[in-house]
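The values are calculated or read from the model by the stated rules, or taken from the named source; none is laboratory data. Quick caveat: nothing in here was measured; it's all calculated off a predicted structure. Cβ placement follows ideal geometry from the backbone for every residue including glycine, while neighbour counts extend to all protein chains displayed.
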Amino acid sequence: MPASVEQLISECSPLLEKDSVVFQELLTYFNGDAKIAPDLHDLREFLVPHRLYKVVKIVETSFMKCAYALVDNYPECTRALGMLRYYRSPNAMIWQDVEKAENIISNSLTMDVYGWKPDSFTAFEKVGGDQFELTAILAF
């Protein structure tokens, strides 16, 4: 992981504690192991002053079930000002499944997601297991 990511988080949001769940999930999101390289510009946009943050972790048997669980069980995600999401697959990534999950999320949101700062996702493959994971970092 680039040292600059940790430094950038600390500079943009100095009150965010390094051992907090939000800080750790941001480090994971911007880790160099992501299948889609995240843009550090998204991190700068996400960590603007006067925002509150929340992390939602969902484990299911498919990415689509993860997406439905996010929109059904966490309605506050529709009021977020920004959202960074990452998926973890228990085996080789099937991109069509990620695309279907992203469509579920975007079709369920009540606000114009193009006004979000930012709205992006990435993905990771994990070794072993049979569960799919979706982690959403929300900004309010």
- Give just the number: which of (1) out of contact with any strand residue (DSSP E or B) (no Cβ under 7 Å at 6 or more places or on another chain); (2) among the β-branched types (Val, Ile, Thr); (3) farther than 19 Å from residue 140 by Cα does residue 98 not satisfy? (1)
- Message: Please determine whether any residue of the range 89-105 is modelled with pLDDT of 90 or more, part of a loop (DSSP other than H, G, I, E, B) and over 17 Å from residue 133 (Cβ atoms).
- Response: no
- Task: Considering (1) in contact with a helix residue (DSSP H, G or I) (Cβ under 8 Å, 6 or more places away or on another chain); (2) within 19 Å of residue 136 (Cβ to Cβ); (3) assigned to a loop (DSSP other than H, G, I, E, B), say which one residue 18 fails and leave the rest.
- Result: (2)
- Would you mind stating whether residue 9 is of a type in the set (Val, Ile, Thr) and touching a helix residue (DSSP H, G or I) at 6+ places or on another chain (Cβ under 6 Å)? yes
- Selection within the range 70-90 - touching a strand residue (DSSP E or B) at 6+ places or on another chain (Cβ under 9 Å) and either buried (at least 16 other Cβ atoms within 10 Å of the Cβ) or within 13 Å of residue 35 (Cα to Cα) (or both): 70, 77, 80, 81, 82, 83, 84, 85, 86, 87, 88, 89
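Being over 30 Å from residue 14 (Cα atoms) and of a type in the set (S, T, N, Q): is that true of residue 103 here? Spell out the reasoning first.
Details: over 30 Å from residue 14 (Cα atoms): yes; of a type in the set (S, T, N, Q): yes.
The answer is yes for residue 103.
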- Message: Regarding the range 41-59, can at least one residue be identified that is loosely packed, with under 15 Cβ neighbours inside 10 Å, more than 13 Å from the chain's Cα centre (by Cα) and under 23 Å from residue 126 (Cα atoms)?
- Response: yes
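Among the listed residues 20, 62, 108, identify the single one that is small (Gly, Ala, Ser), farther than 19 Å from residue 132 by Cα, surrounded by 13 or more Cβ atoms within 10 Å (Cβ to Cβ) and at pLDDT 95 or above. Lay out the reasoning, then the answer.
Numbers: 62 fails: farther than 19 Å from residue 132 by Cα; 108 fails: at pLDDT 95 or above.
Residue meeting the stated conditions: 20.
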